[in-house]
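See structure below.
The values are calculated or read from the model by the stated rules, or taken from the named source; none is laboratory data. The structure displayed is predicted, hence computed values, not measured ones. Cβ placement follows ideal geometry from the backbone for every residue including glycine, while neighbour counts extend to all protein chains displayed. Surface areas here come from the heavy atoms of the whole protein model, side chains and all, with no ligands, DNA or RNA. Shrake-Rupley method; radii C 1.70, N 1.55, O 1.52, S 1.80 Å.
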Amino acid sequence: ALVQELGGAELTQRFGIAASRVKVGRIEDARFALTAVGAFTGSLTLKDAIVADVPGLDAEGVDARIDWNGARITALVDKGRAGPLQLGPMQLRWRGDDNSPMQIGGHATGRLEDTLSWVRAHAQLRDYVPDVKTLAARGDALFDFDFAMLPDGSTRVLRANRRTHAHIAVSLAEATVL
């Protein structure tokens with residue numbers, strides 16, 4: 001919050017809309033350089049952060065390293081929680097100028113019954129897995145995912161044309177599909 005207060009609009013210009021979504025957390029280490037021609041590079045380590053997107057989809061307890069070089073930004077997330085899912089490791093890539101979708105790939109674990117209920121409760125998640133409304137299952141699962149999200153947080157395929165994609169694979173361990 002202090003960094004957002006000090007950086008204001010400049011922070012959003014450098015890091016895109018994603019910068020405004022980090023609500024709480026500790027910056028444990030930060031290094032950056034700004035050259036005479038305006039090139040801005042650096043990295044920081046973020047601990048125990050809350051990344052707020054849409055109510056109910058907040059990620060909590062996020063530990064990540066964020067690197068940037070000009071408008072290109074990469075976040076390597078070691079761990080975190082989103083709803084019933086334990087996140088990590090995962091990688092996010094985006095541009096600070098918000099000219100392209102955010103690329104998100106990684107892993108999560110959780111109970112199927114809790115995860116299915118959580119997905120059904122959030123329309124923006126249902127867009128990625130529309131058949132989830134008819135699925136009933138329980139047990140532990142590992143989720144591998146790779147998807148793109150538009151800069152405004154929208155996942156609507158019609159609006160994004162070919163700019164948005166999603167691939168989600170689920171590995172089941174002693175699970176029951178009903």
Query raised in the report: Is it fair to say residue 31 is basic (Lys, Arg), under 18 Å from residue 74 (Cα atoms) and out of contact with any Gly (no Cβ under 8 Å at 6 or more places or on another chain)?
Result: no
Report summary line: Residue count, segment 112-126, condition open to solvent by less than 60 Å² (accessible area, probe 1.4 Å) and not hydrophobic (A, V, I, L, M, F, W, C), comes to 3
Report task. Hey, could you check segment 96-111 for residues that are more than 14 Å from the chain's Cα centre (by Cα) and open to solvent by 10 Å² or more (accessible area, probe 1.4 Å) and say which is farthest from residue 71 (Cα to Cα)? Result -> 111
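Give 116, 76, 87 a once-over and let me know the one that is within 21 Å of residue 143 (Cα to Cα) and touching a helix residue (DSSP H, G or I) at 6+ places or on another chain (Cβ under 9 Å). So that I can check it myself, show each step before the final result.
Values: 76 fails: touching a helix residue (DSSP H, G or I) at 6+ places or on another chain (Cβ under 9 Å); 87 fails: touching a helix residue (DSSP H, G or I) at 6+ places or on another chain (Cβ under 9 Å).
When all the criteria are applied, what remains is 116.
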Report task. Kindly check whether there is at least one residue in segment 72-91 that is open to solvent by less than 40 Å² (accessible area, probe 1.4 Å), farther than 29 Å from residue 48 by Cβ and either in contact with a His (Cβ under 9 Å, 6 or more places away or on another chain) or at pLDDT 80 or above (or both). Result -> no
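Can you tell me which residues in segment 58-70 are touching a Phe, Trp or Tyr at 6+ places or on another chain (Cβ under 9 Å) and assigned to a loop (DSSP other than H, G, I, E, B)? Explain how you work it out, then say what you get.
Step one: list which residues in segment 58-70 are touching a Phe, Trp or Tyr at 6+ places or on another chain (Cβ under 9 Å), which gives 66, 68-70.
Residue satisfying the conditions is 70 alone.
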**Report entry** Members of segment 44-71 that are exposed (fewer than 15 other Cβ atoms within 10 Å of the Cβ) and polar (S, T, N, Q)
**Finding:** 69
